[in-house]
1. What Kirkwood radius, in Å to one decimal, follows from the Cα pairs of the protein assembly as shown?
2. Viscosity 0.890 mPa s, temperature 25 °C: give me the Stokes-Einstein translational D for chain A in µm²/s, with Rh taken as the Kirkwood radius over C-alpha pairs.
3. On average, how many beta carbons from a partner chain sit within 10 Å of the beta carbon of a residue in B:85-96?
4. Based solely on C-alpha atoms, express the radius of gyration and the Dmax of segment B:1-92 in angstrom.
5. Among A:86, A:15, A:102, determine the one that fluctuates most according to a GNM of chain A built with springs between C-alpha atoms less than 10 Å apart.
6. To the nearest whole number, what is the average tally of beta carbon atoms from other chains within 10 Å of the beta carbons of peptide B:43-49?
7. Sorting A:32, A:27 on the 10 Å Cβ count, fewest up front, what's the list?
8. Ranked by Cβ crowding within 10 angstrom, fewest neighbours first, how are B:22, A:51 ordered?
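Derivation of every value follows stated rules applied to the coordinates shown; laboratory data play no part. Computed from a predicted structure; not experimentally measured. As a convention, Cβ positions derive from the backbone with ideal geometry for all residues, glycine included, and neighbour counts pool all protein chains shown.
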């Protein structure tokens, strides 16, 4: 069964901490994405990547960075966590051969 | 710019009622894909359906059906004889075929089915 795995379901971090959210997919997909989901705002794209070592800014990249050193892994980094980054974070992957996303289960991050 | 509108924020129905979730989209592209995803309380988004812009045939899958109308830029989703397990947030999404890589999501409709 194909999967997108996010390392943590729940995280609680302190303001100012550096936070790493990890995402791994086993489908050999070229494309990977990070979204955040907030009530009333739907899913908003933070960053995406079409290939290893490649990244593109999405709609709300401020306060975030990403890393893609291997095809199967796409990491989201909060350099200095702030309370307004409390949210649900969703990772997804896709392939140009198939127009559809596969999502991970999400990480609910709380910054206190 | 692309845009997907789900005007219904929350809907509550009694079990066994039919319910329709609305989705209206905007795009200047002639070739695009439309999707519906379900997000149950567990959090993971589950793929339900994909339609391309050249196929306006309605689709039925069990209790689920989809009505795609290019003339009104709508892609509505109907659940027949709703069940408690249908309670979830449902997202409509649009993707251009040219890139095929980035989705534009609506803000979601939260459906509660009351037993």
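1. Taking the inverse mean of 1/r over all distinct Cα pairs, the protein assembly as shown comes out at 18.2 Å.
2. The Stokes-Einstein estimate is 177 µm²/s.
3. 1
4. 13.3, 39
5. Residue with maximal mean-square fluctuation among A:86, A:15, A:102: A:15.
6. 5
7. Ordered from fewest to most neighbouring Cβ atoms within 10 Å, A:32, A:27 come out as A:27, A:32.
8. Least to most surrounded, the residues fall as A:51, B:22.
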